[in-house]
Amino acid sequence: MKSTTTPPKTYRVKSFGCQMNVYDGERMAEMLAERGIAPAPEGEEADLVVLNTCHIREKAAEKVYSDIGRLTKVGRKVGKEPLIAVAGCVAQAEGEEIMARAPAVSMVVGPQAYHRLPEMLARAVKGERATDTDMPAIAKFAALPERRRVAPAAFLTVQEGCDKFCTYCVVPYTRGAEISRPFSDLVEEAKKLVDAGAKEITLLGQNVSAWSGEDEKGHQQGLDGLIRRLATIPDLRRIRYTTSHPADMDEGLIAAHGEVEKLMPFLHLPVQSGSDRVLKAMNRSHTGDSYLKLLERFRAARPDIALSGDFIVGFPGETDAEFEQTLALVDTVGYAQAFSFKYSPRPGTPAATMDAQIAPEIMDERLQRLQAALNRDQLAFNRATEGRTCQVLVERKGKLPGQWLGKSPWLQSVWFEGDCAIGDLVVVKLGEAGPNSLAGTLRVPVEA
Ligand code: SAH
Ligand code: SF4
Ligand code: F3S
């Protein structure tokens, strides 16, 4: 047993992985703040550190142990080791192992149980170690404090978990079954977010387009219904959503892209591979062709829509010819941006024990070629928007005095100078494009 310690005065939450973890990290921070614990000042060690971990690939998962090691070392140096909580998907998947391997950790809390963090903390202060990886459906949201201050571009988790069981993926195990938060709770939280400073809300879910629920009148709604309702909140200016699976994209959502002005022209729709054989082995319920047809329908509804995707190279058994099919799909789509990863075998997933695992050198080479193609298309997309005038949501200050950074409707980073403030929606003319951002010129000084 560890010895008792003084209650922490400062905390730091470090979130890794997807935006849902970012959302969870914010909620955990709010719970700690509500109990009088302050965020640790930049550059200072915190009394309590929450490592909000990601299990999606091996590298991400291993990070937690190196972080714990670093925290303990620094703690010894300054004569006070922090209380450490491990949260997130590694906590869910490897809770017992963390407890056994890392004595410095006193709390392990899964993504569906973190509303119990304050109780665990009270026990940790008394020297007790505790693990909580229960999955009590949606109970946690009701137990969380209200939203008070948020960034202009805020996240809202509307759906949790995944029932898709792609053969490479840990998410169905770490986040549990698909559940949708109730319509009215979401409208309520969105209003609170707007009151707390949000101008844009990104609706989050591992499978966000599978969201469904009953609206105020008792009518069954899909994600598009929720989006249409949120669009009526007057001071909410922009809506986005992520991440979707091609199997859950229905006509309503496609139509919403053409009809709901506040819904931004951006779609992140992972495809993973361009080869139908590989897609089948991945248990993705779409083909390369059905995916392309789906994108065409989105483009028909919203011609300027920016497309984004996720790719895995080197899935077990992937041949050169199959990888070429992925490159061909990329050429056909012309993505505005995309994420690409080397396949990482994850414990407990079917793909981890499949034959013909691909050699690391081959994966490296494929990833390089894929990323070269994606970077080429990203630059081309950015260049094609040069000269357009659009609204930019100002998210932070730039490096130089008077410089600002914001996001275009197509989720591009835009730099510009002028008189405005964080949270303003300003009109900017897009200028010179680089691979990752564009320079812009402010057209109207304040709110558009
Ligand atoms: N729910 C989302 C995101 C899942 S995780 C979706 O289905 O799109 C984000 C991305 O990580 C996935 O789209 C996939 O490209 C990648 N990924 C998941 N498991 C992986 C693994 N074992 N190895 C490499 N990449 C993986
Ligand atoms: Fe993982 Fe597939 Fe579910 Fe996405 S849809 S979270 S890749 S199992
Ligand atoms: Fe990672 Fe869990 Fe998100 S594994 S990607 S943090 S759902």
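The values are calculated or read from the model by the stated rules, or taken from the named source; none is laboratory data. Because the structure is a prediction, the values reported are computed rather than measured. Neighbour counts run over all protein chains shown; Cβ positions are idealised from the backbone, glycine included. Protein only, heavy atoms only, side chains kept; ligands, DNA and RNA dropped before computing areas. Shrake-Rupley method; radii C 1.70, N 1.55, O 1.52, S 1.80 Å.
At a glance:
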{"read-out": "Residue, farthest from ligand 1 (Cβ to nearest atom), within region 2-41, restricted to residues that are in a loop (DSSP other than H, G, I, E, B) and within 19 Å of the chain's Cα centre (by Cα)", "value": "16"}
{"read-out": "Any chance residue 342 is within 27 Å of residue 17 (Cβ to Cβ) and of a type in the set (Lys, Arg)", "value": "yes"}
{"read-out": "Residues being open to solvent by less than 10 Å² (accessible area, probe 1.4 Å) and within 16 Å of ligand 1 (Cβ to nearest atom) - total across region 254-290", "value": "10"}
{"read-out": "Answer from 406, 402, 418 - the residue that is buried (at least 19 other Cβ atoms within 10 Å of the Cβ) and free of Cβ contacts under 8 Å to residues at least 40 places away in the same chain", "value": "406"}
{"read-out": "Meets criteria (modelled with pLDDT under 95, more than 16 Å from ligand 3 (Cβ to nearest atom) and closer than 18 Å to residue 29 by Cβ) for residue 119", "value": "yes"}
{"read-out": "Matching residues in region 187-223 - criterion: being open to solvent by 10 Å² or more (accessible area, probe 1.4 Å) and either assigned to a loop (DSSP other than H, G, I, E, B) or basic (Lys, Arg) (or both)", "value": "191, 192, 196, 197, 199, 206, 215, 216, 217, 218, 219"}
{"read-out": "Hits in region 166-182 - residues which are within 14 Å of ligand 3 (Cβ to nearest atom) and part of a loop (DSSP other than H, G, I, E, B)", "value": "166, 168, 169, 170, 175, 176, 177, 178"}
{"read-out": "Subset of region 333-364 (residues that are over 25 Å from the mean Cα position of the chain (by Cα), surrounded by 15 or more Cβ atoms within 10 Å (Cβ to Cβ) and part of a helix (DSSP H, G or I))", "value": "362"}
{"read-out": "Residue match in region 151-165 (condition: more than 16 Å from ligand 1 (Cβ to nearest atom), closer than 18 Å to residue 115 by Cβ, not polar (S, T, N, Q) and not in a loop (DSSP other than H, G, I, E, B))", "value": "yes"}
{"read-out": "Selection status of residue 184, open to solvent by 20 Å² or more (accessible area, probe 1.4 Å), more than 16 Å from ligand 2 (Cβ to nearest atom) and of a type in the set (Ser, Thr, Tyr)", "value": "yes"}
{"read-out": "Region 301-327, residues that are within 21 Å of residue 283 (Cα to Cα), open to solvent by 10 Å² or more (accessible area, probe 1.4 Å) and either away from ligand 2 (no atom under 16 Å from the Cβ) or not acidic (Asp, Glu) (or both)", "value": "312, 317, 319, 320, 321, 322, 324, 325, 327"}
{"read-out": "Extreme residue, farthest from the chain's Cα centre (by Cα), among residues of region 230-285 that are among the polar types (S, T, N, Q) and farther than 25 Å from residue 199 by Cβ", "value": "275"}
{"read-out": "Scope region 53-82; condition more than 16 Å from ligand 1 (Cβ to nearest atom) and not in a helix (DSSP H, G or I); matching residues", "value": "79, 80, 81, 82"}
{"read-out": "Pairs, first within 16 Å of ligand 3 (Cβ to nearest atom) in region 265-286, second part of a helix (DSSP H, G or I) and at pLDDT 95 or above, C-beta under 9 Å, six or more apart", "value": "270/246; 272/278; 272/279; 272/326"}
